[in-house]
Amino acid sequence: MNESILITGANIGLGKEVARQLALKKETKRIILFCRNQVKAESAKKDLEVQTGKKIFEIIIGDVSDANSVRKAIEKVKDPIDAVILNAGGMVGKTAAKITPSGMNELAATNILGHVILVEELVKRDKLKKAVLFVSAEAVPGVKALGMKPVAMKTSSVDDFAAVLDGSYFGNKFDVTQAYGYVKYAGTMWALSMARKYPDLKFIVVSPGNTKGTLAPNNLPPAMKFMLKYLMMPVVFPLMGGMIHKLEVGAKRFVDGISEERYKSGIFYASKEGKLSGDMVDQSTFYTDLKNTIFQDNADRAIHRFIK
Ligand SMILES: NC(=O)c1ccc[n+]([C@@H]2O[C@H](COP(=O)([O-])OP(=O)(O)OC[C@H]3O[C@@H](n4cnc5c(N)ncnc54)[C@H](OP(=O)(O)O)[C@@H]3O)[C@@H](O)[C@H]2O)c1
């Protein structure tokens, strides 16, 4: 049972909906909304209090793409936390390929850098008691029917992972929709390596599936955003079946993943092969690189090249 939960990127989309659902569980006593913008965070907190009738929300301000900002934010965590949901992220938008002071590009820094620092610092300070959930995506195993190829790293070596994180892996052709899958793969493998390193904690990876009602499509290149918003989301996905669901359903995957014992540490749970909705299954049954502990450790080592 998780009494206290910290959620990154909790002011909107999946993060906010997870906060709402967790607040309605009777065991939940404290929810920390880890957000980068004070005004948006205050507005989400107010809204969540009205929606749930609970005054259990706290705010910590931090930018997960910025190591120093996250380190400063960690100082605000006074009492231990049971569970952390590493949700902030997505495709980031126009600045995805821009190199941040860490050396990672913004896409990787947002989805991975601050999350790794946050978890590792909390563990070091004995402030993380039970569980961590890293948010990944079906972009890792790919979705054949949509022409989304699986992530296929050349070697999954430390150098390959590091090249994904600074963008050099993609040469001059940085396509954010492709790079996103590779970055989520690196973060996923880090989380799976942590599951072996810390057997007393639950480290789980979950994809929300293809979820309506978030701001994620706004970060896509304009033509793709248009197609997704006006053709794929309302017409094509519903016709295909098992390809899209409501915000409540996507967020419930995180709530179940972090709360229920049937979801085990060291596993990446997402939709069945070729789907983007429906039951969650262990992705390593058909995307077998996830089981490779050398690849997992390589991702971990590559990420630490960027953490000083
Ligand atoms: N929606 C889907 O169908 C889908 C599918 C697979 C995976 N996912 C994953 O689910 C997660 C949540 O996505 P979403 O769809 O809910 O997206 P969203 O509506 O765009 O919300 C993203 C959240 O992350 C926050 N964020 C972004 N960059 C940040 C930073 N540098 N520091 C702190 N917070 C930051 C945003 O804050 P601001 O409001 O300040 O920007 C916002 O609260 C992401 O990791 C995404 O990759 C989503």
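The values are calculated or read from the model by the stated rules, or taken from the named source; none is laboratory data. Owing to the predicted nature of the structure, the values given are computational and were not obtained by experimental measurement. Here Cβ is always computed from backbone atoms with ideal geometry, including for glycine, and neighbour counts include all displayed protein chains.
Looking for whichever is crowded, with 21+ Cβ neighbours inside 10 Å, within 13 Å of the ligand (Cβ to nearest atom) and of a type in the set (G, A, S) here; the options are S102, S69. Which one fits?
One residue alone meets the criteria, S102.
For the subset of the range 207-225 comprising residues that are surrounded by fewer than 17 Cβ atoms within 10 Å (Cβ to Cβ) and free of Cβ contacts under 8 Å to residues at least 60 places away in the same chain, which member is farthest from the ligand (Cβ to nearest atom)?
Filtering first and then ranking leaves A223.
Hey, among Y198, Y180, which residue is within 15 Å of the ligand (Cβ to nearest atom), of a type in the set (F, W, Y), within 30 Å of D82 (Cβ to Cβ) and modelled with pLDDT of 95 or more?
Numbers: Y198 fails: within 15 Å of the ligand (Cβ to nearest atom).
Testing whether each residue is within 15 Å of the ligand (Cβ to nearest atom), of a type in the set (F, W, Y), within 30 Å of D82 (Cβ to Cβ) and modelled with pLDDT of 95 or more leaves just Y180.
Return the total of residues in the range 15-53 being over 23 Å from E260 (Cα atoms) and more than 16 Å from the ligand (Cβ to nearest atom).
Total meeting the criteria: 4.
Can you name the residue in the range 262-282 that is within 13 Å of the ligand (Cβ to nearest atom) and among the polar types (S, T, N, Q) and, of all such residues, is nearest to the chain's Cα centre (by Cα)?
S271
Just to be sure before I move on: is I294 assigned to a helix (DSSP H, G or I), closer than 26 Å to M153 by Cα and not aromatic (F, W, Y) in the structure I sent?
Spelling it out, I294 is indeed assigned to a helix (DSSP H, G or I), closer than 26 Å to M153 by Cα and not aromatic (F, W, Y).
Checking the condition surrounded by fewer than 20 Cβ atoms within 10 Å (Cβ to Cβ), near the ligand (Cβ under 8 Å from one of its atoms), modelled with pLDDT of 95 or more and hydrophobic (A, V, I, L, M, F, W, C), which residue from I61, I12, I56 passes?
That would be I12, the only listed residue that is surrounded by fewer than 20 Cβ atoms within 10 Å (Cβ to Cβ), near the ligand (Cβ under 8 Å from one of its atoms), modelled with pLDDT of 95 or more and hydrophobic (A, V, I, L, M, F, W, C).
Does the range 226-242 contain any residue that is surrounded by fewer than 22 Cβ atoms within 10 Å (Cβ to Cβ) and not in a helix (DSSP H, G or I)?
For the range 226-242, residues surrounded by fewer than 22 Cβ atoms within 10 Å (Cβ to Cβ) and not in a helix (DSSP H, G or I): present.
Run K173 past the list (1) part of a helix (DSSP H, G or I); (2) away from the ligand (no atom under 16 Å from the Cβ); (3) more than 14 Å from Y287 (Cβ to Cβ) and report the number of the one that doesn't hold.
Failing condition for K173: (1).
Can you tell which of K40, K46, K25 is over 14 Å from A251 (Cβ atoms), loosely packed, with under 15 Cβ neighbours inside 10 Å and basic (K, R)?
K46
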